[in-house]
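Just below is one structure, and these are the notes that go with it.
Here, each number is a calculation from the coordinates, and none is a lab measurement. Here the structure is a predicted model, which means the values were calculated and not measured. Cβ placement follows ideal geometry from the backbone for every residue including glycine, while neighbour counts extend to all protein chains displayed.
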Amino acid sequence: ANIKTALMDSMLEMVGTSHVTFACTGAMEPILYQENLEGAMQRGAMLVDISVPRNIDDVGANKVEGVKAYNVDDLKAVVAANQARRQRLVLEAEELMQDEVQSFKEWCHSLDNVPMIARLRSRAEEIRIAEMLKYERKLSGLSAQERETVERLTKGIVAKLLHGPMSHLRTVDDVSDRQSTVKSLEAMFRL
């Protein structure tokens with residue numbers, strides 16, 4: 001950054017050619033105001049008054065074309081707005097984090113169901129294969145493509161039949177409910 005300091009006798013020349021000026025002197029009244037800025041400004045500029053009492057008449061300075069003046073109160077308002085925005089973002093982040101924690105907990109609970117789901121699928125596949133073997137002679141006249149179609153068809157039927165019980169098992173959150181559901185499935189499917 002090209003930062004320059006200037007004495008009071010070259011102040012207007014320096015302010016007039018600078019993009020940004022910070023004013024902070026021991027003056028008891030504004031030293032930059034509409035009348036002395038109008039003749040001095042050679043470009044658009046931002047004037048920031050960080051002194052108390054004020055060194056820039058921000059109301060008058062803002063009337064000068066291309067000049068935007070800010071004071072300590074403006075900076076406080078910007079800080080307050082930024083803090084409010086950050087607080088909203090923190091609340092949003094906390095809410096998102098809670099949702100993700102809940103999703104993670106549900107995923108962890110669903111892992112308890114993996115062995116049961118595997119047993120259920122395995123049992124269903126055993127039944128499907130046993131039934132296919134029963135009808136092996138009747139299916140022997142089918143072409144390879146037709147046999148593949150029958151395979152896909154029977155696997156699709158099994159998948160559709162298992163979808164309901166497996167979906168229900170995945171949604172049970174309570175441990176005792178899950179244990180009860182597992183026992184029911186074991187009894188129904190003879191696992």
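Some observations on this one:
- Kirkwood radius and radius of gyration were both taken over the C-alpha atoms of the stretch 91-140, and their ratio Rg/Rh is 1.48.
- Highest-first arrangement of 116-125, 71-80, where packing means the average Cβ count within 10 Å: 116-125, 71-80
- Entry for the stretch 41-136 at q = 0.13, 0.24 Å⁻¹: log10 I(q)/I(0) = -0.75, -1.12, Debye formula applied to identical alpha-carbon scatterers, no solvent contribution.
- Computed about the Cα centre, the dipole magnitude for the stretch 22-179 is approximately 1340 debye when only Lys and Arg (+1) and Asp and Glu (-1) carry charge, each at its Cβ.
- Taking 17 Å as the straight-line reach from the Cα of LYS105, the aspartates and glutamates in range (excluding those fewer than 8 positions away in the same chain) are GLU94, GLU95, ASP173, ASP174, ASP177.
- Once C-alpha pairs closer than 8 Å and six or more residues apart are averaged by separation and normalised to the residue number of the stretch 1-93, the relative contact order reads 25 percent.
- Once Rg and the Kirkwood radius are both taken over the C-alpha atoms of the stretch 1-58, their ratio Rg/Rh works out to 0.92.
- For the chain, share of DSSP beta bridges that run antiparallel, in % to the nearest 5: 0
- Hydrodynamic radius of the stretch 30-93 per Kirkwood, over alpha carbon pairs, in Å: 13.1
- Alpha carbon convex hull of the chain, volume per residue in cubic angstrom: 254
- Between ALA130 and ALA118, the modelled label-to-label distance comes to 2.2 nm, taking each label 7 Å out from Cα in the direction of the beta carbon.
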